[in-house]
1. Let's test the formula: R0 of 30 Å, r as the Cβ-Cβ distance of Ser338 and Thr118. What FRET efficiency results, to the nearest 0.05?
2. Determine Rg/Rh for the chain; Rg is computed over alpha-carbon atoms and Rh is the Kirkwood hydrodynamic estimate from the same atoms.
3. What are the ³J(HN,Hα) values, in whole Hz, obtained from phi via the Karplus relation 6.51 cos²θ - 1.76 cosθ + 1.60 with θ = phi - 60°, for each residue of region 217-229 in sequence order, with x given for Gly and Pro?
4. For Arg360 and Thr38 in the same chain, what is the full-extension length gain: residue separation times 0.36 nm, less their Cα-Cα distance, in nm?
5. To one decimal place, what Kirkwood hydrodynamic radius in Å is obtained for region 239-358 from all pairs of distinct Cα atoms?
6. With labels modelled as points extended 7 Å from the Cα through the Cβ direction, what inter-label distance (nm, one decimal) is found for Arg272 paired with Thr206?
7. Would you please calculate the Kirkwood hydrodynamic radius of region 116-196 over all C-alpha pairs and express it in Å, rounded to one decimal?
8. Give the residue list of trypsin sites (Lys or Arg not before Pro) in region 172-245 that are DSSP loop and have at most 13 other beta-carbon atoms within 10 angstrom.
Amino acid sequence: MTLDPPMALLAELTHRCPLQCPYCSNPIDLERANKEMTTEDWLRAIREAAALGCMQVHFSGGEPTVRPDLERLVAGATEAGLYTNLITSGVLLDATRLAALVEAGLEHVQLSFQDSTTEIGDRVGGYAGGHEKKIATAALVRAANLPLTANFVVHRQNFHHLSDMIDMALALGAQRVEIANVQYYGWALRNRAALMPTRAQLTQMTQDIAEARERLKGVITIDFVVPDYYARRPKSCMGGWGRRFLNISPSGNVLPCHAAESITTLSFDNVRQRSLADIWRNSEAFEAFRGTDWMAEPCRSCDRREIDWGGCRCQAFAITGDAKQTDPACDLSPYHDSLVSAAVGEAAAEPAAFVYRRYRNAKPVQREF
Ligand code: SF4
Ligand code: SF4
């Protein structure tokens, strides 16, 4: 298989975050501040990513603005010729900090919201006053003439606000709104019984999206990510393992996707010890599920194997304990029926209480399906 350079680097600068979303895509085993890479480590990694052929860097976390060196990292990426995007909860940004980031070359902001209302937004984020702060930050971003994308994560506790979320994004001046259903691994898998929508709720969401797209054609771009438990075939996770994207964790581990460390049978090389180009091309973790040679049946002989690449490795590992299994979201997987019936059962019951994403809740749990 010919290997193209990665398109983008997701730089997870830290796992620290003032919010505590129960669906956070960070691993359960959150990295501590004293394990984070230094400014020089990050600058070198960014330059290596550009030399490898990356076009974009997405500064993420946790909350990337907790790092006081964010401006220096943005400036380093700009100098290296990379397009820079900041993925933020927005609760720590003010006009001075934003101006410094613009000065450093920041080109785009993705601002995450937990809902269109203060009540649900602050409850889901576990952060009082967060929703109003985000709205103020959106105004600062637009005043700084930066393009804005508004991100919303949807689930059974806020699906009924989907149209309001789109209208809110429009009112805030966003050019794009991304409405993504929760993807169930890590913290979200732990909170699945609190978040999983019913099939009827998903149908309602799909109708609301179709109506909004018709109503707002040419006005705002609306992306919608469906929950794959209700699909017949899985999504093409990351466009295939190790094919398009690189992720660097706060401590410098280089990952094919942001959740890859949940696959505890793999070990990951660190950019402080090995060059990014060598890791991308040759590391064991990237080679593990690249292409199709690793696949077992039913993927091995399936005509979609180079379309969805067998689905999500992290989900396969989380549900079956074997990352080489077909993603159970696929209805050809032997695990599919039990997975869907467990999820449907949870969606029909009263929602469980949130287990918030906090360091003290970061104990591994075994789930049964
Ligand atoms: S999902 Fe929530 S808790 Fe996780 S990094 Fe984003 S804002 Fe913070
Ligand atoms: S069997 Fe594998 S390749 Fe085929 S649709 Fe399912 S996940 Fe995709």
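1. Efficiency, from the Cβ-Cβ distance: 0.20.
2. For the chain, the value is 0.94.
3. Result, rounded to whole Hz: 4, x, 9, 8, 7, 10, 9, 9, 10, 7, x, 6, 4.
4. That pair, Arg360 and Thr38, stretches by 113.4 nm at full extension.
5. Over region 239-358, the inverse of the mean reciprocal pair distance is 15.8 Å.
6. Taking the simple label geometry, Arg272 and Thr206 are separated by 4.8 nm.
7. So the Kirkwood estimate lands at 13.5 Å.
8. Of the trypsin sites (Lys or Arg not before Pro), the ones in loops of region 172-245 whose Cβ has at most 13 other Cβ atoms within 10 Å are Lys217, Arg232.
Values quoted throughout were computed directly from the atomic coordinates according to the rules given, and no laboratory measurement underlies them. Computed from a prediction, not measured in an experiment: that's the story for all the values here. Cβ coordinates were reconstructed from backbone atoms using ideal geometry, including for glycine residues, and neighbour counts include every protein chain displayed.
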